[in-house]
Amino acid sequence: EDQVTQSPEALRLQEGESSSLNCSYTVSGLRGLFWYRQDPGKGPEFLFTLYSAGEEKEKERLKATLTKKESFLHITAPKPEDSATYLCAVQPYLFSGGYNKLIFGAGTRLAVHP
Amino acid sequence: SAVISQKPSRDICQRGTSLTIQCQVDSQVTMMFWYRQQPGQSLTLIATANQGSEATYESGFVIDKFPISRPNLTFSTLTVSNMSPEDSSIYLCSVEDSSEAFFGQGTRLTVV
């Protein structure tokens, strides 16, 4: 069964204190792994898509990496405005072609304090 | 990137009534997805909506409870029927555009 597990559930950081969020997954075949940021009362905001092990993508203070079993979202020198829930989702590959659904993890609630 | 508009943004409804949520995309897309996010939980796919065909529902979701329309390539509706307090959630529509999947802002539904 395709599954996504995110850890930790919640993370509290001081401003400037770098850390990493983990997304472990099991999937029959991976078409893509997605990272989103979600602020309270809003829809998920797209951050990254990763497709193959070894791939890395960066955006401002965020860097996402991918292995065959997990992905990390590294946050460098975070600021209070980085506080949000970060969601990871995998998209299994449909061997018959076409699109498939996103399977989401439960998310990591990040709080960055001044 | 696709821009998705959802209406209404929130509503409070009486149990036993129905609510139709609209999703408008600023570009033509083949597939649209409807998700539910229950309080404190992550997103769960309800159904996939293709233009010109019946929606495909995930396990645990049925057409009688969540009828979906997809009249063209930029628009879809999700109806939550015969609502109960357990239907209180955020409902989100989503589309894929190239390598990215975008979400609307969501409809926060409270059933009383």
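Any read-out appearing in this document is the output of simple, stated calculations on the displayed coordinates, not a laboratory observation. Only a predicted model underlies this, so the values are computations on that prediction, with no experimental measurement involved. Using ideal geometry, Cβ is built from the backbone for each residue, glycine included, and neighbour counts are taken over all protein chains shown.
Brief remarks on what is shown
- Length-normalised contact order for chain A - Cα pairs under 8 Å, 6+ apart - percent: 37 percent
- Set of lysines near B:Lys65 by C-alpha distance (under 23 Å), chain-local residues within fewer than 8 positions excluded: A:Lys101, B:Lys7
- By other beta-carbon atoms within 10 Å, ranking B:Val111, B:Val95, B:Val62, A:Val4 with the fewest at the front produces B:Val62, B:Val111, A:Val4, B:Val95.
- Label-point separation in nm, A:Asn22 to B:Ser84, each point 7 Å along Cα→Cβ: 3.8 nm
- Peptide-level mean, for A:37-48, of C-beta atoms on other protein chains within 10 Å: 5
- Ranked list, fewest to most other Cβ atoms within 10 Å of each Cβ, for A:Ser18, B:Ser88: A:Ser18, B:Ser88
- Gyration tensor (alpha-carbon) shape descriptor, region A:46-114, a/c threshold 1.5: prolate
- Computed from phi, the 3J(HN,Hα) profile of region A:9-15 under the Karplus parametrisation 6.51, -1.76, 1.60 (θ = phi - 60°) reads 5, 9, 9, 10, 10, 7, 3 Hz, with x in place of Gly and Pro.
- Of the three principal axes defined by the Cα atoms of the protein assembly as shown, the extents in descending order read 49, 42, 33 Å.
- Residue-wise HN-Hα coupling along region A:48-65, computed from phi with Karplus coefficients 6.51, -1.76, 1.60 (Hz; x: Gly, Pro): 9, 10, 10, 10, 9, 4, x, 6, 9, 9, 10, 8, 6, 8, 10, 9, 10, 10
- Expected-Rg normalisation [2.2 N^0.38 Å, Cα atoms] applied to region B:4-111: 0.99
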